[in-house]
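Engineer: Below: one structure in structure tokens.
The values are calculated or read from the model by the stated rules, or taken from the named source; none is laboratory data. Bear in mind that the values here come from a model prediction, so they are computed numbers and not experimental data. Note: ideal-geometry Cβ built from the backbone for every residue, glycine included; neighbour counts use all protein chains shown. Just so you know, the surface numbers come from the protein's heavy atoms only, side chains and all, with ligands and any DNA or RNA stripped out. Shrake-Rupley method; radii C 1.70, N 1.55, O 1.52, S 1.80 Å.
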Amino acid sequence: MSAETELWRLSACAATDLLRRGKVSPVELIDAALARIAAVNPKVNALVTLGEARARAQAARLMQLPIEARGLLAGLPIAVKDLNDVAGLRTTYGSPIFANNVPERSDIMVETLEENGAITLGMSNTPEFGAGANTFNEVFGETLNPWNTKLNAAGSSGGSAVALATGQVWLATGSDLGGSLRTPASFCSVIGLRPSPGRVAAGPGEQRFDTLSVNGPMARNVEDTALMLDAMAGWHIEDPVSFPKPDEPFLVTARRRKPPKRVALILAPAGLPVEPEVVAGVRAAAEKLARAGIAIEEASPDFGGVGQAFQILRAVDFATGMETLLRHHRDKLKPDVIWNVEKGLALKPEEIGKALLRRSRLYGDMVAFFRTYDAIILPAAPALPRDVKERWPREINGIALDNYVEWLKLAALITMTSCPSLAMPAGFSADRRPIGIQVVGKPRGEADLLSHGLAIEEILGLKDEVPIDPRIHH
């Protein structure tokens, strides 16, 4: 086997292939990951809690089984976002209130991954309760962008994106309400899939019928993303919106590499401000796809009022889930979270009703739109990565943004559709800041979306840009 130091460069598919053939052991991969983490994590602060003893115990249990019984991931170490409970491992949600929280039970998503042979090696950094799209908190500090350590990695799955981009783990979990998985993927030039609500069972929590927030896979390339989705998808009795996995594995479908025939390109959905360099990068990627024979047309469903409806439904989620914390721990919550909870508590019933109706109509529009198009391509984020000290963008293209959710509207439009969305690298700005696209598929159409994604990834030719060593800027 190649030197331990080089195992971190392997794709997740290559690493699991070696595991399944007995060419490398789970312990060797744990050792390789820990060596890489020690070398680069101090420069970027992506992983905040390591569970080495727990991981080694998991590996020992797996290695007592015959190789074919070790599950899909066969002993591959992964990172879990510090919003999802991992039994026996400190899980803080980025909050001082839970700084010493050690759950007794893992989140269903983590249980599913571990049943499929994943080994949870550590927790990745997240903003407090995943709120705000820059990864920093009072417990662990800020996560830095590996392409330029003066810049932010976005959020709230920033720790996962950076851990992947720097080769600390092969796969990582993300979660997404208003782009929390897609924006960091874009800022770090990795892949993030926001699946359909119910595709990945989660919980058990207080808000079991929530369909705005989802968990999904993050990886360095589309193939690895499909592999991880296979290891996390499926029905679970404790998650009422979950549904069974398809008969054919996502990885098998994805490997058909079927390009979409007809794609709708949306450069500035609902007239939202998008930085010129981002627009240029997305347009250049679309032109590359067009030269490869994909029909690209500028067209969009009607997103009017959808961003506002998202703000309302998001605030309802915050008020429902966090009113008790606000009552008892107001002094320990960051201002953005307090604002979001109070916004929810102040809503009138008719405002909530109108927002629910707007989302319902949007879904009908999307179904009709996908009768014409196989996929939609739009920017993954409206801005390039900015200074890590900027909590959230106060303006884009000279247009003032008056709260921290405003700049997430572009991603939130897609959240509201319930359609799966694959964030993937599209290129770089003149000063080498990553630019990402979202490829949006039909409702519950992850299999086709991943197949399209693999074809698009090959045309764009960017998948070997990561993993990288952090580029230190002072």
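Engineer: Among what's in the stretch 301-311 and is touching a residue at least 40 places away in the same chain (Cβ under 8 Å) and assigned to a loop (DSSP other than H, G, I, E, B), pick the residue that is surrounded by the fewest Cβ atoms within 10 Å (Cβ to Cβ).
Structural biologist: It comes out as 302.
Engineer: Just to check your reading of the model, which residue among 413, 362, 422, 408 is touching an Asp or Glu at 6+ places or on another chain (Cβ under 9 Å), under 19 Å from residue 184 (Cα atoms) and surrounded by 14 or more Cβ atoms within 10 Å (Cβ to Cβ)?
Structural biologist: Every option except 422 fails the conditions.
Engineer: OK, next. Can you tell which of 286, 280 is open to solvent by 30 Å² or more (accessible area, probe 1.4 Å), modelled with pLDDT of 95 or more and within 15 Å of residue 379 (Cβ to Cβ)?
Structural biologist: 280
Engineer: Sticking with this one: Suppose we filter the stretch 228-244 for residues that are open to solvent by 50 Å² or more (accessible area, probe 1.4 Å) and either over 23 Å from residue 70 (Cα atoms) or small (Gly, Ala, Ser) (or both); how many remain?
Structural biologist: So the answer is 3.
Engineer: Now for a separate question. Considering only the stretch 106-129, state which residues are part of a helix (DSSP H, G or I) and open to solvent by 10 Å² or more (accessible area, probe 1.4 Å).
Structural biologist: Scanning the stretch 106-129 gives 111, 112, 114, 115, 129.
Engineer: For the stretch 426-474, which positions are within 17 Å of the chain's Cα centre (by Cα), open to solvent by 10 Å² or more (accessible area, probe 1.4 Å) and among the small types (Gly, Ala, Ser)?
Structural biologist: Matches in the stretch 426-474: 426 only.
Engineer: A further question on this structure: If I ask for residues that are within 24 Å of the chain's Cα centre (by Cα) and either touching a residue at least 60 places away in the same chain (Cβ under 8 Å) or buried (at least 21 other Cβ atoms within 10 Å of the Cβ) (or both), which ones from the stretch 317-332 would you list?
Structural biologist: Those that are within 24 Å of the chain's Cα centre (by Cα) and either touching a residue at least 60 places away in the same chain (Cβ under 8 Å) or buried (at least 21 other Cβ atoms within 10 Å of the Cβ) (or both): 317, 318, 320, 321, 322.
Engineer: Which one of these is open to solvent by 10 Å² or more (accessible area, probe 1.4 Å), at pLDDT 95 or above, of a type outside the set (A, V, I, L, M, F, W, C) and touching a strand residue (DSSP E or B) at 6+ places or on another chain (Cβ under 8 Å): 199, 194, 182? If you could, list the steps in order and put the result at the bottom.
Structural biologist: On the way: 194 fails: open to solvent by 10 Å² or more (accessible area, probe 1.4 Å); 182 fails: open to solvent by 10 Å² or more (accessible area, probe 1.4 Å).
Going through 199, 194, 182 in turn, just one is open to solvent by 10 Å² or more (accessible area, probe 1.4 Å), at pLDDT 95 or above, of a type outside the set (A, V, I, L, M, F, W, C) and touching a strand residue (DSSP E or B) at 6+ places or on another chain (Cβ under 8 Å): 199.
Engineer: I'd like to know if the stretch 387-410 contains one or more residues that are of a type in the set (Gly, Ala, Ser) and under 19 Å from residue 218 (Cβ atoms).
Structural biologist: Taking every residue of the stretch 387-410 in turn, none turns out to be of a type in the set (Gly, Ala, Ser) and under 19 Å from residue 218 (Cβ atoms).
Engineer: Oh, and also: Residue check: is residue 369 under 30 Å from residue 448 (Cα atoms), modelled with pLDDT of 95 or more, open to solvent by less than 60 Å² (accessible area, probe 1.4 Å) and in contact with a Leu (Cβ under 6 Å, 6 or more places away or on another chain)?
Structural biologist: In short, no.
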